[in-house]
Amino acid sequence: MLLLSVIFLAWNIYLRWKKRGGVQGIVYAVAFSAIFVLGMIHMQSAMKSHRAVESLLKDGEKSAVWGTVAKKEEGAKSTKIYLKHCYLRVEEKQLPCRQILVYLNTDVSVGNIIYVNGTVKTLEPARNEGNFDEKNFYESQGTDFKFYGENVQFISRDTDRFAEFLYQKKREVIQLYQKTMGAETAGVLSTMVLGDRQLLEPEIKSLYQKTGISHILAISGLHVSIIGMGFYKMLQKQRVPLLLRSTLSAVAILVFAVLSGAGVSTKRAVLMFLLLLFGGVIGRSYDSLTGLALAAIFLLWENPFVYAYTGFILSFLAVLGVDASVILLKSMDIQKGIREQICVSGCIQAFTIPVIAYCYFELPIYVIFINLLILPTTGVVLFLGIFGGLLGLLYPVLGFLPLQGAKGMLMLYQSLCRLFLKLPGAVWTTGKPRLQRLIFYYVVLAAILTWLWYGKKPQRKLKTELNNRLENHRLKRIALTLFYLELLTFSMQKEGKRFQIQVLDVGQGDGIYIESDAGTEIFVDGGSVDVSEVGKYRIQPFLKSHGVKEVDYWFVSHCDADHCNGLMELLEADVPIKHLVFSKYVLRDEAQEELVALAKRKGCQVLYLEEGECFRDASVRIQAMYPSEKSVEGERNADSLVLLLEHEAFRGLLTGDIGQEQEKKFIEAYGNMKIDWYKAAHHGSKTSNSKEFLEVLQPKLATISCGRNNSYGHPGKEAVEHMQDVGAEIFQTTECGQISITQEDGKVCVRRLLKEKGVLGETDEKK
């Protein structure tokens with residue numbers, strides 16, 4: 001985005017130099033270069049300072065922070081406080097920080113300077129592909145770390161009265177929404193109007209995301225145009241002088257920005273609006289691209305890490321899409337009406353779709369159509385929400401009718417969203433496209449727009465024959481459609497299938513994804529006892545990031561919660577699973593019966609494997625090795641399904657939660673069985689993973705899946721030593737996050753999401 005900003009400003013300098021020449025052009029170039037150099041120095045300094053803070057942070061360490069309360073948000077259990085001009089105590093030293101997010105149970109006011117004792121909580125990176133990256137998100141918001149406060153001392157009780165006043169009025173409006181509209185629609189309206197997401201229900205948020213209208217929830221250019229330009233035009237009709245109405249409009253939009261939390265997209269829209277007003281006051285025309293570039297530079301100067309924030313990227317791309325629609329409308333001679341709306345919506349989607357797929361791994365197919373139905377009335381909802389809130393502050397009864405109107409329209413939005421989701425192929429799971437494809441997409445998209453722009457202006461330095469061709473509107477339409485469809489298909493194309501094993505970090509539990517060269521999608525177990533909603537937040541996002549639309553076979557070693565509660569979440573969420581596979585001798589207890597009943601209700605076929613039976617396709621072979629009819633003990637862990645995975649010369653053993661007694665029986669049944677990969681039994685427990693068992697298997701690598709600081713003591717010191725004694729290279733999810741095992745050029749490769757790539761020896765040597 002910084003590069004785009006530089007290009008836009010450089011282009012502007014070039015045009016001014018070309019128009020006015022000589023000295024003025026040189027002045028513009030020198031000024032720009034100086035600003036750019038200063039920006040780079042500032043960015044390097046900010047990043048260096050943040051890394052210094054980050055290197056000294058210790059998760060769970062008792063410490064103290066102090067600073068000025070810049071913003072606060074009420075939560076269900078505590079209040080979130082954002083400290084600016086803040087410091088962290090590190091070994092009796094004061095370490096300056098950018099911003100600290102503090103959780104408190106003490107009432108404080110904006111502007112107070114406070115000293116807080118408590119516990120440091122470091123920001124967590126994504127533990128699996130597709131998972132929420134807390135570290136990246138909060139860093140992009142300017143936050144260095146989180147802090148759980150225990151007691152507060154006031155250094156100064158001076159209050160920013162204006163900010164505190166706005167905060168209190170914001171709370172009053174939200175309470176009014178709740179009383180008048182009900183919690184569900186109040187949560188949506190509070191998000192749309194005030195930028196407060198505390199009441200927004202996850203189901204509604206997901207509904208809006210899946211249908212592609214979540215942008216109406218973000219405070220952006222739409223809000224600014226309705227409030228700022230609406231107020232400006234009202235003053236204009238009253239014949240208020242230009243300078244005064246511009247000033248009053250600027251004040252109004254700045255107040256709204258503070259009231260709504262001043263998010264990144266809000267700041268971008270406000271900055272561009274202020275530039276528009278300033279241009280009008282000095283009698284200069286407003287250039288959207290220059291305004292966009294200046295806004296980007298301002299935001300990057302304020303927080304160099306904001307470039308990684310998805311909202312920042314999408315906000316700027318949406319504006320570029322609107323600007324591109326102007327080129328397209330002129331090139332195609334499209335007049336106002338439904339065709340214009342389709343064109344503008346299509347251009348916005350063309351610019352944002354690849355990034356949406358890259359960040360969220362799925363696309364709403366009917367997004368253009370639903371936006372055509374919803375966007376024309378969104379301004380009405382915002383107006384009713386703002387107007388009803390203002391009237392309600394004066395006298396609650398006055399706000400009833402406007403807010404009921406807003407409620408009715410929001411309910412209609414939800415009904416439309418649910419209707420579109422019922423249509424065939426409503427959501428397309430794309431997986432995460434390669435970055436190279438995205439770059440190619442935007443390069444060619446820019447080329448198309450340049451082609452259309454120059455084709456409309458014959459005076460540009462292009463060949464006359466080419467200009468004549470470009471003037472053929474039909475040819476333009478056909479070419480644009482074909483190019484766009486080709487680009488969309490190319491950029492969203494999923495990579496070819498290949499054999500891979502992905503040991504997910506699910507905390508204290510197991511979850512293993514296997515893909516064959518033939519494209520068969522396989523999962524083994526999927527649960528956790530220390531990660532809340534592990535299926536929703538760790539397993540399902542991973543599957544989406546890999547473009548998995550349907551799991552062909554889901555093997556369940558046994559029905560303990562740490563092996564199947566995530567699977568149950570996915571079944572309840574209607575994630576397509578063709579076959580659910582158990583051992584024939586799985587313990588038929590209440591947990592197993594509940595899982596089977598749920599699977600059957602969701603149309604999943606339930607299979608039971610006898611010892612020696614196997615699944616195979618053109619690439620992999622998975623054989624049930626244990627238990628047998630003779631070895632059944634009637635206990636979940638003891639009767640875990642043990643699987644042998646084979647791909648070409650590669651062999652892996654998945655052991656569930658069997659103990660040392662079951663390991664002895666396995667040795668008696670199979671004798672020597674050398675393998676390449678060993679899934680540590682029972683999360684690396686000391687009561688499993690016996691030395692005798694491992695000496696028989698002789699694994700080259702072992703993976704241990706367990707939770708950090710778990711109460712079970714996993715992995716056991718003895719188990720780890722046994723694996724080391726037989727020469728196995730050990731990878732733990734607690735240290736590595738997701739662990740990827742693949743074969744490349746005859747070698748077994750291990751990639752750790754949180755560490756560097758490691759390559760083991762030749763596969764043939766492991767036999």
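No lab work stands behind these numbers, since they all come straight from the coordinates. Since the model is a prediction, treat every value here as computed from it, not as a measurement. Please note: Cβ atoms are built from the backbone with ideal geometry, for glycine as well, and neighbour counts cover all protein chains shown.
As a length-normalised measure over Cα pairs under 8 Å and 6 or more apart, the relative contact order of the chain settles at 8 percent. For mean projected area of the Cα convex hull in nm², the value computed from the atomic coordinates appears in the list (1) 60.7; (2) 31.1; (3) 38.9 under label (3). Between residue 732 and 704, the built amide H atoms are under 5 Å apart, and every one of these is 5 or more places off in sequence or on another chain. Please compute the contact order of segment 620-767 in relative form: average sequence separation of alpha-carbon pairs under 8 Å and at least six residues apart, divided by the residue count, as a percent. 16 percent.
As a proxy for reagent exposure, ranking 636, 621 by other Cβ atoms within 10 Å from fewest up yields 621, 636.
Working from the Cα coordinates of segment 59-159, the gyration tensor eigenvalues give, after taking √(5λ), semi-axes of 23, 15, 12 Å in decreasing order. Using only side-chain charges placed at the Cβ, +1 for Lys and Arg and -1 for Asp and Glu, the dipole size of the chain relative to its Cα centre rounds to 5180 debye.
Dipole check for segment 631-767: with +1 at the C-beta of Lys and Arg, -1 at the C-beta of Asp and Glu, and the Cα centre as origin, the magnitude is about 400 Debye. For segment 59-159, a crude dipole built from +1 on the beta carbon of Lys and Arg and -1 on the beta carbon of Asp and Glu, taken about the Cα centre, is about 240 debye to the nearest 20. Put simply, the convex hull of the Cα atoms in segment 104-180 casts, on average, a shadow of 7.7 nm². Estimated purely from DSSP H runs of n ≥ 4, each contributing -39500 (n - 2.57), the mean residue ellipticity at 222 nm for the chain is -16000 deg cm²/dmol once divided by its residues.
Summarising the amide proton neighbourhood of residue 685: residues at separation of 5 or more, or on other chains, whose placed amide H is nearer than 5 Å comprise 716. For the chain, DSSP calls about 75 percent of its internal beta bridges antiparallel.
The radius of gyration of the Cα set in segment 58-105, together with its Dmax, comes out at 11.4, 34 angstrom. Selection among 615, 637, 279 by position relative to the dipole of the chain gives 279 as farthest towards the positive end (Cβ unit charges, Cα centre).
Which helices, taking whole DSSP H runs in the chain, have alpha carbons extending 20 angstrom or more along the helix axis plus mean Kyte-Doolittle at least 1.0? TM-like helix candidates: 242-259, 264-282, 288-302, 310-332, 338-360, 367-394, 435-456. Normalised radius of gyration (Cα atoms, divided by 2.2 N^0.38 Å) for segment 568-701: 1.10. Put simply, the amide H of residue 613, placed in the peptide plane, has neighbours under 5 Å in 624, leaving out anything fewer than 5 places away on its chain.
Please report the antiparallel percentage of the DSSP beta bridges confined to segment 500-766, to the nearest 5. Approximately 60 percent, going by the DSSP bridge assignments. When the C-alpha to C-alpha distance is required to be over 22 Å, the pairs from 578/674; 630/691; 267/407; 135/717; 679/717 that qualify are 578/674; 630/691; 267/407; 135/717.
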